[in-house]
Amino acid sequence: MKSFRFLHAADLHLDSPFKGLFGLPDAVRDRIRESTFSALSRMVDIAIDEQVDFVIIAGDVYDLADRSLRAQLRFQQAVGILSDNGIPVYVVHGNHDPLDGARARLLWPESVHFFAADSVETVIARNKDGEEIAAVSGISYGKAATMDNLAERFAQPVPSLFNIAILHTNVDGDADHDNYAPCTKDQLIRSGYDYWALGHIHTRRMLHDSPPIVYPGNIQGRNVRETGAKGCYIVDVDSTGQTTMSFHATEAVRWEQLKLSIQGWTEEQQLKNGLDKLMSDVQANCGDIPAVIRVTLTGRSVLHTLLQEGSHLQELLAELRDEQALAAEVNGGRGSFVWIESCRVETGAEIPFDKMLEQESFIGDLLRLSEAMLADDSALSAFSETALEPLLNHTKASKLLKDVGPDQLRLLLSAARELAADELLGESIDVRTL
């Protein structure tokens, strides 16, 4: 067996609309909108720099079934550059870009292979000397809602070659993702294939080591739920068929969710300094890569009441955003920035809850009850069904609440507890007497 190297990527989602971001300055908005294309360019550069023998893309090249012409032309350009460098590309389509979607009639390099949807195809990959190095098998989605187990359609591996299977799938029914082309990890392990190049799950995951069953994640985060470094894997296969993998970041904008404790803070200046420090740390961690962050304020402080009013925090955020908008405009709109997407307030009043929990009083009973439910999911669920019954019986409201899980219920109960404590105790209470 010949040793070789390939790049495994998935979920490019080119021309993603980045919904929910409003009122952004031009330099910030343009960087975010262009980020999927910038990530694609970085992926191409990595493939060339690392001198890979071929590139695998495991589905969702585009964000929509009726893919934009802009996205198709950018992808055509990218694979053309790879072709000019002697690097073939093997592509399957997933639920976001199934083959029944609208497509422009474009000419593609002969070195690009798009797998069909009616059956699993196998093509032989060769190195630059024309020697056979791997058998690459894959199948695309014919339609978006593909619920069949496509893994069952893969034939026996090709003898004497390293066998790679490309599949856009939900392995073992991950509840956070649509259950398209479902299969099991055990099924993939038993298949006899040497490497499963997966797509669909946007979080980087190694499901199994031997054979490697790999989700590389998407190459560019698209919202604040898709945090951290995003990119692709370079996979080295030696003459014995053993694999070594290295992750390479491609994201043009990084998304992060961060917490900032205001515990014991008494002045607005401390809040500003804290946010400045948080943003500086993000910048240091990301280097030249811009970041979009969601901040959650936590802890107990006399600033809690001020934060609940909202206007002071919004004015502070406006100032910080103005500074970052100027930073983004440096170098013709290519400057780095840390943009605060939102700032959630999950703080509490500076009240000694530990002492209040020991009190034989209404507020003590309320806090003990809430603490018990926060520690017991079944009790919390039962209480929530009773408390939320009017909303659950409402047609529209019930749809919004149907997917609320224990974590969200705990957040709601914690917020309600803080609000109740604030209202019951009042702002004038002397906490030293508690």
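Structure values in brief
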{"item": "Segment 241-374: mean projected area of Cα convex hull, nm²", "result": "13.3"}
{"item": "Debye-sum result for segment 79-184 in log10 I(q)/I(0), which assumes one identical scatterer on each alpha carbon, at q = 0.15 Å⁻¹", "result": "-0.72"}
{"item": "Scattering curve values for segment 4-249, log₁₀ I(q)/I(0), Debye with Cα scatterers, q = 0.08, 0.11, 0.15 Å⁻¹", "result": "-0.27, -0.53, -1.02"}
{"item": "Estimated inter-spin distance, LYS19 and LEU424, nm [label 7 Å along Cα→Cβ]", "result": "4.0"}
{"item": "Dipole axis of segment 4-249 (+1 Lys, Arg; -1 Asp, Glu on Cβ), positive-most option in LEU73, SER119, GLY86", "result": "LEU73"}
{"item": "Alpha-carbon radius of gyration plus Dmax, which is the widest Cα pair, for segment 199-241 in Å", "result": "12.5, 42"}
{"item": "CD proxy at 222 nm, helix term only [per DSSP H run n ≥ 4: -39500 (n - 2.57); per residue of the chain; nearest 500]", "result": "-10500 deg cm²/dmol"}
{"item": "With Cα atoms, 0 to 90° folded angle of helix 406-425 axis to the chain main axis", "result": "20"}
{"item": "Share antiparallel - DSSP beta bridges, the chain, percent rounded to 5", "result": "35"}
{"item": "Per-residue Cβ neighbour rank within 10 angstrom, fewest leading, TYR180, TYR233", "result": "TYR180, TYR233"}
{"item": "Taking all pairs of distinct alpha-carbon atoms in segment 304-387, Kirkwood radius in angstrom", "result": "16.8"}
{"item": "Share antiparallel - DSSP beta bridges, segment 4-249, percent rounded to 5", "result": "45"}
{"item": "All aspartates and glutamates inside 17 Å of LYS2 as judged from Cα atoms, apart from same-chain residues fewer than 8 positions distant", "result": "ASP53, ASP129, GLU131, GLU132, ASP194, ASP236, ASP238"}
{"item": "Centre separation in Å (Cα based) which lies between segment 137-208 and segment 74-115", "result": "20"}
{"item": "Computed over segment 208-296, Kirkwood Rh from alpha-carbon pairs, angstrom", "result": "15.7"}
{"item": "Equivalent ellipsoid semi-axes - Cα gyration tensor, the chain, angstrom", "result": "48, 27, 19"}
{"item": "Straight-distance crosslink candidates among lysines, where the alpha carbon sits under 23 Å from LYS19 and sequence neighbours closer than 8 are dropped", "result": "LYS230, LYS396, LYS399, LYS402"}
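We did not get these values from a lab; they are worked out from the coordinates using the rules stated. Since we're looking at a predicted model, the values are computed, not measured. Neighbour counts are summed over all protein chains in view; Cβ atoms, including those assigned to glycine, are modelled from backbone coordinates with ideal geometry.
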